[in-house]
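Below is one structure; the comments refer to it alone.
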Amino acid sequence: MTTTSNPLTEMTAEIGFDSSGEVRPNESFRETTLPGFKQALTARRSIRVFDGDPVPEAVMQDCLRDAILAPSSSNLQPYELYWVRDPEKRAAVAVACLGQPAAMTAGDLVVIVARGDLWDVNRHKLLDAMTKHGTKPLTDALDDYYNRLVPWLRKTDALGVRNLMRRVLLAYRGRTEPMVRGPVNRGDHRVWAHTQSSLAAQTLMLSLSAHGYESCPIGGYDSVRIRRALDLPRPAEVTMVISAGRGKPEGLYGRRLRLPDGDLIKEV
Ligand SMILES: Cc1cc2nc3c(=O)[nH]c(=O)nc-3n(C[C@H](O)[C@H](O)[C@H](O)COP(=O)(O)O)c2cc1C
């Protein structure tokens, strides 16, 4: 690795940052916030038939802004949320969702797109914001993190040489100390981007629920046709489509079903 120290353990608050004005969870949340959160969480179900009316524009905008509050790796936010408003594009996306009723009857459709390729563009935007266009210094750890470690981890090349170098070096260093073990192949880079976009997708659905609207995550789609409908650039990858709106009673196909807690939650 190009860094001699570990910027993750040396990270401290940004220069001049005062956290006293930030909202943080506290004891009172259990009474004030938890009931509403639980309601929004449990009311979110995958709805397959909507009444077709669009979600009010202001609600949709608020939900989309909530969605991008989702956390992301290195805060690089490598995704885009395409709120499909053009009727022709909308129809094309719904058909590309294999004509599923959840898409065909939706009030709105949002295509969640992973943009792993934008890591460097977004890194520069973040640096510009953090340094107030270069007028404010970064801590050494942040400088090290964003200007050395992140590029070292995320850079790729067509022949896979950087991935190979990372694989060797991370494995070598990992023999004697805890070490991240990737990304070392194209799949790792793709998973990374889809992880971030999925968190935004889930946040969007929870926000829709909290606003009184329903949704369905759609993974059954023709990615080539969606790419064509939205004119997506080649490196963009569709993570899922979210349909949204007011669900019809018949749009709920069954009771919520989950595997037993013990199958999914492990206390170790
Ligand atoms: C990534 C993903 C893809 C999905 N794809 C579809 C889909 O193509 N069509 C559909 O009707 N439901 C789809 N679903 C919804 C799931 O079937 C649903 O979430 C699951 O049955 C649990 O039900 P619930 O969401 O009501 O709790 C998808 C869910 C996820 C997370």
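Laboratory data are not the source of any read-out in this text; all were calculated from the coordinates shown. These numbers were taken from a predicted model, which means no experiment stands behind them. As a convention, Cβ positions derive from the backbone with ideal geometry for all residues, glycine included, and neighbour counts pool all protein chains shown.
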Got a sec? Which of Trp119, Trp152, Trp192 is among the aromatic types (Phe, Trp, Tyr) and either surrounded by fewer than 17 Cβ atoms within 10 Å (Cβ to Cβ) or within 20 Å of Glu10 (Cβ to Cβ) (or both)?
Trp152
Specify the residue that is nearest to Glu250 (Cα to Cα); the eligible residues are those in segment 27-48 that are small (Gly, Ala, Ser) and in contact (Cβ under 8 Å) with a residue 24 or more places away in the chain.
Ser46
Taking the criterion of being within 30 Å of Trp119 (Cα to Cα), of a type outside the set (S, T, N, Q) and in a loop (DSSP other than H, G, I, E, B), would at least one residue in segment 42-62 satisfy it?
no
Among the residues of segment 218-235, which ones are within 14 Å of the ligand (Cβ to nearest atom) and of a type in the set (A, V, I, L, M)?
Ile218, Ile226
Could you tell me whether segment 90-99 includes any residue that is out of contact with any Lys or Arg (no Cβ under 6 Å at 6 or more places or on another chain), away from the ligand (no atom under 15 Å from the Cβ), in a loop (DSSP other than H, G, I, E, B) and not β-branched (Val, Ile, Thr)?
no
From the set of residues in segment 236-268 that are hydrophobic (A, V, I, L, M, F, W, C) and surrounded by 10 or more Cβ atoms within 10 Å (Cβ to Cβ), which is nearest to the ligand (Cβ to nearest atom)?
Met240
Just to be sure, is Phe50 aromatic (Phe, Trp, Tyr) and more than 15 Å from the ligand (Cβ to nearest atom)?
no
Criterion (among the hydrophobic types (A, V, I, L, M, F, W, C), assigned to a helix (DSSP H, G or I) and in contact with a Gly (Cβ under 6 Å, 6 or more places away or on another chain)) met by exactly one of Ala193, Ala229
Ala193
